[in-house]
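A quick write-up on the structure given underneath.
The values are calculated or read from the model by the stated rules, or taken from the named source; none is laboratory data. This structure is a prediction, so every number in the text was calculated from the model and none was measured. With ideal geometry, Cβ positions are generated from the backbone for all residues, glycine too; neighbour counts draw on all protein chains shown. Heads up: the accessible areas ignore ligands, DNA and RNA and are worked out on the full protein's heavy atoms, side chains in. Shrake-Rupley method; radii C 1.70, N 1.55, O 1.52, S 1.80 Å.
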Protein chains: 2
Amino acid sequence: MDSSQFRQAAHAAIDQIVDYYDNIRDRRVLSDVEPGYLRQLLPQGIPETGEKWEDIQKDIEAKIMPGMTHWQSPNFLAFFPSNSSFPGILGDMYSAAFSCAAFNWQCSPAVTELETIVLDNVAKLINLPEEYHSTSEGGGVIHGTASEAIVTVIVAARDRYIARSKERWAEEGLSEDEIEDKVCTLRGRMVALGSDQAHSSTKKGAIIAGVRFQTIETKIGDYALNGELVKQKIEDLESKGLVPFYITVTLGTTPTCATDDFASISATLSTYHTTHPTTPKIWAHIDAAYAGAALVLPEYSHIPSIFPTFADSFDFNMHKWLLTNFDCSCLYVKRRRDLIDALSITPAYLRNEYSDRGLVTDYRDWQIPLGRRFRSLKAWFVTRTFGVEGLRAHVRNGIAGGEAFTQLLEADKERYELVSKPAFALNVFRVNPPPKLAKEVENDKKEFERRCNEVTRKVGDRVNKEGKIFITQTVLGKGEEAITAIRVVGGAPAVQVQDLRNAFAIITEVVDRVWEEEVREHEAGAREQVELQAV
Amino acid sequence: MDSSQFRQAAHAAIDQIVDYYDNIRDRRVLSDVEPGYLRQLLPQGIPETGEKWEDIQKDIEAKIMPGMTHWQSPNFLAFFPSNSSFPGILGDMYSAAFSCAAFNWQCSPAVTELETIVLDNVAKLINLPEEYHSTSEGGGVIHGTASEAIVTVIVAARDRYIARSKERWAEEGLSEDEIEDKVCTLRGRMVALGSDQAHSSTKKGAIIAGVRFQTIETKIGDYALNGELVKQKIEDLESKGLVPFYITVTLGTTPTCATDDFASISATLSTYHTTHPTTPKIWAHIDAAYAGAALVLPEYSHIPSIFPTFADSFDFNMHKWLLTNFDCSCLYVKRRRDLIDALSITPAYLRNEYSDRGLVTDYRDWQIPLGRRFRSLKAWFVTRTFGVEGLRAHVRNGIAGGEAFTQLLEADKERYELVSKPAFALNVFRVNPPPKLAKEVENDKKEFERRCNEVTRKVGDRVNKEGKIFITQTVLGKGEEAITAIRVVGGAPAVQVQDLRNAFAIITEVVDRVWEEEVREHEAGAREQVELQAV
């Protein structure tokens, strides 16, 4: 493919992409292929001689599209959104064209410098305090995902905790061998913490870093961590000789978009460190992967002011709800030294005059991989194209859709019950059993709950199977108290308030059918029992 | 930006990209901006209202380009290449357009299934034995970088070693508490191994996984690991109570493209496990990040047949030398269960019918991050567009360039000395001191070496400062024996044999100037001494 063939191919690709976006509403949002569908459609192996772009391009519609779930569809209301935008796509085009493994400043100074500038701009946009800007001792870096950010800060937290413990032991006059023994014991006792509502990536991060993970249970209905719960857990760990060194605190949990109580958690950690003056600091990380985008709005912009009192790091994904194509996770730390101390290894062939003089940021020391893509380009294009106003309008549109959906749920108490406070465009609710059956068990709470869960699960499964919209189910609490719930969240640029209203109508129509079936099955069951008794 | 504005903007972007590739030769390959250049060029903050694409696009040439080092330039002969190709760019365009965090099969079945198919095809292309294909107990997965692949396998190796140790201790009748104590001690003693020529990512991977790292020193001039060196290191570790559990073995090291001696390493590991029947298996990982691409050629295709005798995993980057835009690192494992056992965490909201039934691959359990991009698209477009023939021709072109450069070096023994055997298109050499000065110190080896290093460093620095070509320096060995050398490697699709010949002429011209200066400085120094003595 020479450059003129590429020009033609790329123009054809752009036309196909435009058509995809213009008509995405008509596609079934959730792919309904069976596992293994694609191997049946494709020839085995790589062809001996090259193929023409026209033939390859045809396969996108014919073979790839049936297996796509369309995250940019106005009918995609599952998980959290993974925003795309036209300037975001342009950013990825240039990034691909410049293809380089920009692992240090010299590899392409623009890749490093634009990232610092864009992340400082975004920090201002979301009102993140000065401490997290590159102009202080902190700064931001683009990671691929919030889960990579979490592994990275767990490792930095672990190594900072160990380093400070070693310093203390050395001051106390312990020998090197004694210190090594104590480090070995310490490693085996270090615990990373997260609430039962925190994203599973904290647990995975702990596994990768080779430390323990423990869950702090939140209250059903509230689902937020607070200072008292953290205090109890720390005391419990200490009584068992375990060592808390890291905690994930969440702004907008995955199951219900709950926000942990930053003020009381900050107070607890502060008291803990005052009463334990020789204990190294527990690293607190704020995971705002999805809801962090809401901080662009003035009505949320007071939230971050408390962060510096307790949080060593903060992360949110521009690729979720801020119009920047996946992947673009923005990790901010209060003290960049913590990352570099843990992760820097500079071999000879990566040294150069500027890194040696400490004049430049080498982001490879702020992350797990060595190589880096030019991801700040897309964030730059997006923020410039939309401007502060456009970014705010986008997030407000998501919130308006969520609020419209909440109103519909609340106006239909016969069918629906919200199981958590709606937040950041997310509604989490369950479906009641048909009124007739509900009445039968109104005095048997356990049976009522069981039926709620069953009906909710049936409705959730049926809605996705029919594929007009795509929604997610979640389970809150555990054991006998477990609640099955449906999560509905918009947030893709294509999702308008009317789409949420349509979604409500679609779900309600399914509820009615499921209710009918439930009643019919129940009556058939009752009849059968009568007949059996009659035999 | 609506879809018709995007169509226009994207067509303009494509035209700019085509122009960039068509005229890349005219650009200074290595950016010569000073640190901080970009902040001076850009306004502070995000604009209140959005900007037009025309204005944003202008800034790419005006503000970004000066800070780019052009990895696709025919004058880029540094590090290893980071190949780009037109079908690769098309792949990234579609991937951006489909923007989704495809963390499980259902999120977009095509993303998972195409990846499995493409990686099986690539495995066949490079003659990787059946054991590493998805049709056996193994399989391939696309990671971002070879360094992420290494962290991932170190974690899997660590957890497999610990799990098997626990099983053994349970069989021996130890109590749970005793086992926990022993695991704690074991963790503190586990050592990941790599040669002094292995990529630094093994050391970084060990840091992240919280285990020790030790280096095995190779012989100067050879730079390859072999079974005897591995045996000695294992015995040394055992005598100190340390526990080797992982080793990186390299096909094409970063400094010199040396290849470790697979046969003798395999024999050593096999003997070790025969004589230590209760010791869990040491995980061997083959890092072929760059040179793995050469396995597409029939003349190298015998190499992988020995892999299954000792290697648990193998990784190579299609984004280095196989025409696929960064990032696309192909990790293959012999037993996918090892990755899943270490990394799987499946929370309720990620469960679905197909994953529950085990019918589908959930690649999130094969990697650190949760979310995944649609990276197999570009690998698919690239392999189909080039075909087996085209891919081979590309690698052959790289090798031909390297061989031409070797011939030029060997024909000029006055100026140059190869410090390692040229391999996989890489030449590593040093520059001799000017003949006049060399003669003076011909009996003082230490001084001769010092002068070689100094002249080589000067030439390397000067060549990059002048910026006609971009090359890398490396340091081999350490202390007094350290050799400074220049690395020259092509591999970008634009680099032709003639470009390597031009590079040789450019370097030689710089050598002559540096030589002249050296002689002049030396004579000036000598004159000054004479004058001083005369005073």
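Would you call A:E410 surrounded by fewer than 16 Cβ atoms within 10 Å (Cβ to Cβ), more than 14 Å from chain B (Cβ to nearest Cβ) and touching a helix residue (DSSP H, G or I) at 6+ places or on another chain (Cβ under 9 Å)?
Spelling it out, it is not the case that A:E410 is surrounded by fewer than 16 Cβ atoms within 10 Å (Cβ to Cβ), more than 14 Å from chain B (Cβ to nearest Cβ) and touching a helix residue (DSSP H, G or I) at 6+ places or on another chain (Cβ under 9 Å).
To keep it simple, each residue is scored yes or no on (1) acidic (D, E); (2) free of Cβ contacts under 8 Å to residues at least 24 places away in the same chain; (3) assigned to a helix (DSSP H, G or I); (4) in the same structural domain as A:Q197 (by TED's automatic domain parsing).
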position	(1), (2), (3), (4)
A:G390	no, yes, yes, no
A:D412	yes, no, no, no
A:R450	no, yes, yes, no
A:T474	no, no, no, no
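Of everything in the stretch B:79-97, what is among the hydrophobic types (A, V, I, L, M, F, W, C) and open to solvent by 10 Å² or more (accessible area, probe 1.4 Å)? Give them in sequence order. Break it down into steps so the answer makes sense when it comes.
Going through the stretch B:79-97, the residues among the hydrophobic types (A, V, I, L, M, F, W, C) turn out to be B:79-80, B:86, B:89-90, B:93, B:96-97.
Scanning the stretch B:79-97 gives B:F79, B:F80, B:F86.
Please verify whether A:A123 is farther than 25 Å from A:V395 by Cα and either open to solvent by 10 Å² or more (accessible area, probe 1.4 Å) or in contact with a helix residue (DSSP H, G or I) (Cβ under 8 Å, 6 or more places away or on another chain) (or both), treating the condition exactly as stated. Let's see the steps before the verdict.
Working: farther than 25 Å from A:V395 by Cα: no; either open to solvent by 10 Å² or more (accessible area, probe 1.4 Å) or in contact with a helix residue (DSSP H, G or I) (Cβ under 8 Å, 6 or more places away or on another chain) (or both): yes.
When the stated conditions are applied, A:A123 does not pass them.
Considering only the stretch A:259-279, state which residues are open to solvent by 10 Å² or more (accessible area, probe 1.4 Å) and assigned to a loop (DSSP other than H, G, I, E, B).
A:D261, A:H276, A:P277, A:T278, A:T279
Could you check the stretch B:160-249 for helices (runs of 4 or more DSSP H) lying wholly inside it with 3 or more residues that are open to solvent by 20 Å² or more (accessible area, probe 1.4 Å) and farther than 17 Å from A:E180 by Cα?
B:176-189, B:227-239
From the list A:V510, A:V489, A:V519, which residue is touching a residue at least 40 places away in the same chain (Cβ under 8 Å) and surrounded by fewer than 16 Cβ atoms within 10 Å (Cβ to Cβ)?
A:V519
Can you confirm whether A:G398 is in a helix (DSSP H, G or I) and not assigned by TED's automatic domain parsing to the domain that holds A:P298?
Judged against the criteria, A:G398 is a match.
Which residue, of A:E113, A:E137, is over 22 Å from the mean Cα position of the chain (by Cα) and in a helix (DSSP H, G or I)?
Values: A:E137 fails: in a helix (DSSP H, G or I).
Among A:E113, A:E137, only A:E113 is over 22 Å from the mean Cα position of the chain (by Cα) and in a helix (DSSP H, G or I).
Quick check on the stretch A:1-58: of everything there that is touching a residue at least 60 places away in the same chain (Cβ under 8 Å) and part of a loop (DSSP other than H, G, I, E, B), which residue is most open to solvent (accessible area, probe 1.4 Å)?
Looking at residues that are touching a residue at least 60 places away in the same chain (Cβ under 8 Å) and part of a loop (DSSP other than H, G, I, E, B), I get A:D32.
Look at B:F98 and say whether it is over 30 Å from A:N464 (Cβ atoms), more than 28 Å from the chain's Cα centre (by Cα), facing chain A (nearest Cβ under 7 Å) and of a type in the set (F, W, Y). Reasoning before the result, please.
Values: over 30 Å from A:N464 (Cβ atoms): no; more than 28 Å from the chain's Cα centre (by Cα): yes; facing chain A (nearest Cβ under 7 Å): yes; of a type in the set (F, W, Y): yes.
Spelling it out, it is not the case that B:F98 is over 30 Å from A:N464 (Cβ atoms), more than 28 Å from the chain's Cα centre (by Cα), facing chain A (nearest Cβ under 7 Å) and of a type in the set (F, W, Y).
Do we have A:E440 as without any contact (Cβ under 8 Å) to a residue 24 or more places away in the chain, over 25 Å from the mean Cα position of the chain (by Cα) and open to solvent by less than 50 Å² (accessible area, probe 1.4 Å) here? Lay out the reasoning, then the answer.
Values: without any contact (Cβ under 8 Å) to a residue 24 or more places away in the chain: yes; over 25 Å from the mean Cα position of the chain (by Cα): yes; open to solvent by less than 50 Å² (accessible area, probe 1.4 Å): no.
In short, no.
Of the residues that make up the stretch B:143-151, is at least one in contact with a Phe, Trp or Tyr (Cβ under 6 Å, 6 or more places away or on another chain) and not in a loop (DSSP other than H, G, I, E, B)?
no
Condition first: more than 7 Å from chain A (Cβ to nearest Cβ) and of a type in the set (A, V, I, L, M). Now tell me which residues in the stretch B:61-89 satisfy that.
Once the filter is applied, which keeps residues that are more than 7 Å from chain A (Cβ to nearest Cβ) and of a type in the set (A, V, I, L, M), the stretch B:61-89 yields B:A62, B:M65, B:L77, B:A78.
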